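We did not get these values from a lab; they are worked out from the coordinates using the rules stated. Just so it is clear, the structure is predicted and the values come from calculations on it, not from any experiment. Quick reminder, even Gly has a Cβ in these numbers, built from the backbone with ideal geometry, and neighbours come from all protein chains shown.
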Amino acid sequence: MALPPATGPGPFRRVPDAELRKIFYLEPTRTYLFEIIPINTSPPPGTDDPRVTALLRRMLYLRVLHPPMLRQLAEDARALLAERQMIAIAAKLLSLMRDVFNSPWAFPALMQNKDIIAYRSAFSGVVDVTGVTANVTGSTPAAYALSFLSRFAGTAVGHGVYMASLTNRHYDYYLQKMNAELQLRGVNTALLP
């Protein structure tokens, strides 16, 4: 059996270098603390180093690499630790290598279509259920009924609705990433269940 390539355009589609950092969450992002306070995050120093680009390209193949090739990739990422300014990015790369296996749905560019579709189906169910839970209290009859609850019960229901909306956004974010990846591969997600 032939070994899979250690580098190339990508295991399932041609991935440009400009997209590598997006796939591995190494771009600046804006998020909110307590849904109010904006926080801007930035990737670790050294993210734009050409050696990191080469490692990210090889990391596209993490799920199809044989153990010796996987060990070599980890050793190459660990070698960056020798340079002080590259310690943070080397640690992040090693962490991402583990995350690809622990949370595969977060990296749809590294999965086969059938796996993306299976995760997409599961995540769609969660998004549908939490969407209903998060939105039901906004309807007038439900809001009126909740007004009769005690202060404690109202707080508990409000917290439950808040958690449902967070869950909904979390799963919807990954669902959108899966849809985008499938569309880049030419799969019409509108036709999927």
Can you list the lysines whose alpha carbon sits under 17 Å from that of LYS177, skipping same-chain ones fewer than 8 residues off? LYS22, LYS114
Lys and Arg at +1, Asp and Glu at -1: add these up for the other residues within a Cβ distance under 10 Å of PHE107 and post the number. 0
Reduced Cα scattering model of the stretch 15-126, Debye log10 I(q)/I(0), q = 0.17, 0.23 Å⁻¹: -0.91, -1.31
